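Accompanying notes for the structure given below.
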2 protein chains.
Amino acid sequence: MASPYRPRPISGYPEWTPAIRLQELRWLDHIRHCFESYGFCSVETPSVEELEVLLAKGETDKEIYTINRLQADAGQSEARLGLHYDLTVPLARYVAQHFNELTFPFKRYQMQRSWRGERPQEGRFREFTQCDIDVIGVDQLPLHFDAEMPLIMAELLMGLKVPPVRLHISNRKILAGFLAGLGISDPAAAIRVLDKMDKIGASKVGELLVSECGFSQSDAAKALQLAAIKTSDASFAKELRALGVSHELLALGIEELLFVQSYLQSLPEAMAVIDLGIARGFDYYTGTVYEGRLVDYPDFGSVVAGGRYDDLASSFIAKKLPGVGISLGLTRLFSKMVKENLLPQGASSPADILLILPNEEQRPACVTYAQQLRQRGFKVEMYHAPQKLAKQLSYAEKKGIPYVWFPPFEAGGAHEVKNMQQGSQQPADPADWLPANSVPANRVSA
Amino acid sequence: MASPYRPRPISGYPEWTPAIRLQELRWLDHIRHCFESYGFCSVETPSVEELEVLLAKGETDKEIYTINRLQADAGQSEARLGLHYDLTVPLARYVAQHFNELTFPFKRYQMQRSWRGERPQEGRFREFTQCDIDVIGVDQLPLHFDAEMPLIMAELLMGLKVPPVRLHISNRKILAGFLAGLGISDPAAAIRVLDKMDKIGASKVGELLVSECGFSQSDAAKALQLAAIKTSDASFAKELRALGVSHELLALGIEELLFVQSYLQSLPEAMAVIDLGIARGFDYYTGTVYEGRLVDYPDFGSVVAGGRYDDLASSFIAKKLPGVGISLGLTRLFSKMVKENLLPQGASSPADILLILPNEEQRPACVTYAQQLRQRGFKVEMYHAPQKLAKQLSYAEKKGIPYVWFPPFEAGGAHEVKNMQQGSQQPADPADWLPANSVPANRVSA
């Protein structure tokens, strides 16, 4: 036998053992259920897009991967396709291409892998799964959807049983209208400076606003006050108005944010906060913006992000398609839970029941018993060989299979089922329903 | 507005509209349920493998795609990674790499995309989803699993409600033992000739066996007789033995195939057939082999394939790891159903209920009603704006949402629910259970 090549993990490409993967599946099921329960439909797009599509907005900083045939002749290079780096560009292309086949407002969810050639580090991968929802309208899109997004994401996060995530919500029109109200000539430059808040602190930002952006001391102070407004209720509007700046766009932003905030009242108070200091740099967004962070890991960055945009797909279709969306960085959040050892320790098998094979003569009967149990909705593995009972039980234990079923060892005998965790054993019938709570329908969620 | 770039479909990369995707999801759910109900655990691997891994068995004919960073410096090419072209090589690498973390027999399912740079044509794609199950043992693996594979696949196929698929089952030891029993000096050459049966016909194959492989006329006739044996019961063994050839390996092959056949009795007769004429060319397999074909589309080729192999991963680990597996070509089969228009015509939304928004004042109450209905397990879309009733109803109709919920239009009024297909409307309560069959739990499967 030739000395085998030892494969190594590939940096930036996560891979899980079966027990961890079972937890990831539970997450994916829950996320999909949340999205569908609000009426979002599933879309999957190819892993690749034409480079013209990926680069339509000049995105050369996304570390795009192209694909090439290994055996391709030099003159036949196929590098006209690249792996998508997010799910928004594919959505824009999808909506443009299938425009006449879709019903608007178009509500889709998409849970797919994306690829970026970034340097791998904690929370950043070269291959990762995003879970996105977006609603796309034609010409206009009701604010209703801006308000629904944080509700869906909050429900999703609560069901994942992760450490607290707080959703920070703002509206881009507020800062833009505020700067217009102050009469700032180059708002983009001011926003760039305000964006450095986390890095250089408020006082340095204030100095730069004065020295580089032509703010008066008083206007700079007001801008800093605005960026510090953070309220769990509607009082942000009062605090804002107290700054004494007025502008039509600012008023519209406040009105929109009040509407969104009014929907948040059904959430636990710590779950969502109006935070006028967030998302200054997301120039793609034009209204509501969302950012979700792990409260206990303030340096980990956002695990949820999204917002309202005016123009999804004008690169691909001559239509005005406004939208709003929110995205969960699944691999980012999940891998953090793996790293912090915060996932439930569980089984490596989805089976509910291991059916014991007492001896070779019983095999056909056992195949039938297993089928009966499956027809009742249980996930059943039949042990493959009439080995010693201790060996069969140990197999169930190693895989974390919670129930072991003993068929009769001889004709006329009784069936019994053993609860592996409690050690208890009781009579049962494979063709009959079990006592209500003896085998939970979905043990994985326990 | 600059003239937009019109994106085009990319040949070989299928993409579905929401209504078709909803059907594909139904398939994926059912397939996963089948696999899990037999105790297989989920594994996902990265989309890429090291080229050393992909090429370990000299697979240069699989049209491998490498990935490269678009902006990579010439000297920094990263083409040491390629997209996987099947799920078997990733499984071999996974088992070798995680060997000490797995419990054997290791039963895994994997439903993932793979990529091949082939010329796209009917049923052949550059990006496609396979659904694989495999059981891997250490040193040895009971024949039980060979027998279980066709049962699982049959159950899976019956649930998909596709036109009839027949599973053809044989055992590679039979032909190998038969040729050894005849004393054929170059069995590989004989198998290559027998492999041409579909192309050149039996009589030409018989001539070549004599002229090129040194068969006597009588031995050639026997080989052709063997390849023609096709029985729905155990009588293949009698027909084989009647050919008067004997060899230890042949006897073992017959015994194994009889064991597998004995499990098939629970299946509808037309579902599985012992067919000694199949899979002569799969040199990877060493025992049981499976091939599933659409009965009504004999030229479409196989949609299911698999078998027993002695050696999964010796390229990566110094262990003997025998296994048996079976794979459904999901994209291949599903796209055929799309093309033949054989999928149920259905909704484009997963929602069960569209909740009418009568007027702006009712909005907060409607948000609450929708939440109540979701908590009862329904998928509920609340209409986003208090538009004309006809418009709201037309939205439900276009998206195929089967029930429309009318909250009271004024205080003290009653809720009503309308069955869109039947047109009937009846009183209901969002906080109470509905009459048993008024909204089916999973309408999509209807």
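If you filter segment A:58-74 down to residues that are exposed (fewer than 15 other Cβ atoms within 10 Å of the Cβ) and more than 8 Å from chain B (Cβ to nearest Cβ), you find that the one that is modelled with the highest pLDDT is A:Gly58.
For residues that are out of contact with any strand residue (DSSP E or B) (no Cβ under 7 Å at 6 or more places or on another chain) and surrounded by fewer than 19 Cβ atoms within 10 Å (Cβ to Cβ), tally how many sit in segment B:223-236. Counting residues in segment B:223-236 that are out of contact with any strand residue (DSSP E or B) (no Cβ under 7 Å at 6 or more places or on another chain) and surrounded by fewer than 19 Cβ atoms within 10 Å (Cβ to Cβ) gives 6. Considering only segment A:21-42, I want to know if a residue exists there that is of a type in the set (Val, Ile, Thr) and facing chain B (nearest Cβ under 7 Å). Checked segment A:21-42: no residue is of a type in the set (Val, Ile, Thr) and facing chain B (nearest Cβ under 7 Å). Test A:Ile31 against the criterion of being over 30 Å from A:Asp310 (Cβ atoms), of a type in the set (A, V, I, L, M, F, W, C) and open to solvent by less than 30 Å² (accessible area, probe 1.4 Å), and give yes or no. For A:Ile31, the condition - over 30 Å from A:Asp310 (Cβ atoms), of a type in the set (A, V, I, L, M, F, W, C) and open to solvent by less than 30 Å² (accessible area, probe 1.4 Å) - is not met.
Of all residues in segment B:344-376, those satisfying the criterion of being open to solvent by less than 20 Å² (accessible area, probe 1.4 Å) and either more than 9 Å from chain A (Cβ to nearest Cβ) or in contact with a Phe, Trp or Tyr (Cβ under 9 Å, 6 or more places away or on another chain) (or both) are B:Ser349, B:Pro350, B:Ala351, B:Asp352, B:Ile353, B:Leu354, B:Leu355, B:Ile356, B:Leu357, B:Cys366, B:Ala370, B:Leu373.
For segment A:92-124, what are the residues that are open to solvent by 40 Å² or more (accessible area, probe 1.4 Å), facing chain B (nearest Cβ under 8 Å) and either among the charged types (D, E, K, R) or in a loop (DSSP other than H, G, I, E, B) (or both)? Within segment A:92-124, A:Glu101, A:Arg113 meet the criteria.
Looking only at segment B:304-321, decide whether some residue is in a loop (DSSP other than H, G, I, E, B) and more than 22 Å from B:Leu91 (Cβ to Cβ). Looking through segment B:304-321, none of the residues is in a loop (DSSP other than H, G, I, E, B) and more than 22 Å from B:Leu91 (Cβ to Cβ).
The single condition from (1) under 25 Å from the mean Cα position of the chain (by Cα); (2) open to solvent by less than 20 Å² (accessible area, probe 1.4 Å); (3) more than 20 Å from B:Gly400 (Cα to Cα) that A:Leu55 fails is (2). Just need a number here: residues in segment B:143-192 that are over 15 Å from B:Leu257 (Cβ atoms), open to solvent by 30 Å² or more (accessible area, probe 1.4 Å) and not hydrophobic (A, V, I, L, M, F, W, C). Final tally of qualifying residues: 10.
Within segment A:250-268, the residues that satisfy the criterion of being assigned to a helix (DSSP H, G or I), in contact (Cβ under 8 Å) with a residue 12 or more places away in the chain and either of a type in the set (Phe, Trp, Tyr) or surrounded by fewer than 18 Cβ atoms within 10 Å (Cβ to Cβ) (or both) are A:Ala251, A:Leu252, A:Leu258, A:Phe259, A:Ser262, A:Tyr263, A:Ser266. Is it true that B:Arg443 is among the charged types (D, E, K, R), at pLDDT 90 or above and open to solvent by 20 Å² or more (accessible area, probe 1.4 Å)? Answer is no for this residue.
Tell me, please, whether a residue that is open to solvent by less than 10 Å² (accessible area, probe 1.4 Å), closer than 18 Å to B:Trp27 by Cβ and out of contact with any Phe, Trp or Tyr (no Cβ under 8 Å at 6 or more places or on another chain) can be found in segment B:317-332. Yes, segment B:317-332 has at least one match. Scanning segment B:357-383 for residues that are in contact with a Ser or Thr (Cβ under 9 Å, 6 or more places away or on another chain) and assigned to a loop (DSSP other than H, G, I, E, B) yields B:Gly377, B:Phe378, B:Lys379.
Residues in segment A:75-87 that are among the hydroxyl-bearing types (Ser, Thr, Tyr) and surrounded by fewer than 21 Cβ atoms within 10 Å (Cβ to Cβ): A:Ser77 alone. The residue list B:Glu15, B:Glu50 contains one member that is within 8 Å of another protein chain (Cβ to nearest Cβ), surrounded by fewer than 19 Cβ atoms within 10 Å (Cβ to Cβ) and over 22 Å from the mean Cα position of the chain (by Cα), which is B:Glu50. A residue that is of a type in the set (Asp, Glu), away from chain A (no Cβ under 14 Å) and closer than 30 Å to B:Glu248 by Cβ can be found somewhere in segment B:176-189. Scanning segment B:269-303 for residues that are in a strand (DSSP E or B) and open to solvent by less than 30 Å² (accessible area, probe 1.4 Å) returns B:Ala272, B:Val273, B:Ile274, B:Asp275, B:Thr288, B:Val289, B:Tyr290, B:Glu291, B:Gly292, B:Leu294, B:Val303.
This table checks each residue for (1) among the aromatic types (Phe, Trp, Tyr); (2) assigned to a loop (DSSP other than H, G, I, E, B); (3) over 17 Å from A:Ala92 (Cα atoms).
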site	(1), (2), (3)
A:Ile10	no, yes, yes
A:Pro14	no, yes, yes
A:Leu25	no, no, yes
A:Thr45	no, yes, no
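Taken together, the criteria place B:Leu354 among residues that are within 27 Å of B:Pro18 (Cβ to Cβ), assigned to a strand (DSSP E or B) and among the hydrophobic types (A, V, I, L, M, F, W, C). Being out of contact with any strand residue (DSSP E or B) (no Cβ under 8 Å at 6 or more places or on another chain), over 30 Å from B:Glu360 (Cβ atoms), among the acidic types (Asp, Glu) and open to solvent by 40 Å² or more (accessible area, probe 1.4 Å) is a property that A:Glu207 has. Please determine whether any residue of segment A:294-302 is under 25 Å from A:Glu239 (Cα atoms) and out of contact with any His (no Cβ under 6 Å at 6 or more places or on another chain). Scanning segment A:294-302 turns up at least one residue that is under 25 Å from A:Glu239 (Cα atoms) and out of contact with any His (no Cβ under 6 Å at 6 or more places or on another chain). For B:Gly244, the test of being without any contact (Cβ under 8 Å) to a residue 24 or more places away in the chain and assigned to a loop (DSSP other than H, G, I, E, B) is passed.
The values are calculated or read from the model by the stated rules, or taken from the named source; none is laboratory data. Model, not experiment: these values are computed from the prediction. FYI the Cβ positions are ideal-geometry reconstructions off the backbone, even for glycines, and counts take in every protein chain you see. Ligands, DNA and RNA are excluded from the accessible area calculation, which covers all protein heavy atoms including side chains. Shrake-Rupley method; radii C 1.70, N 1.55, O 1.52, S 1.80 Å.
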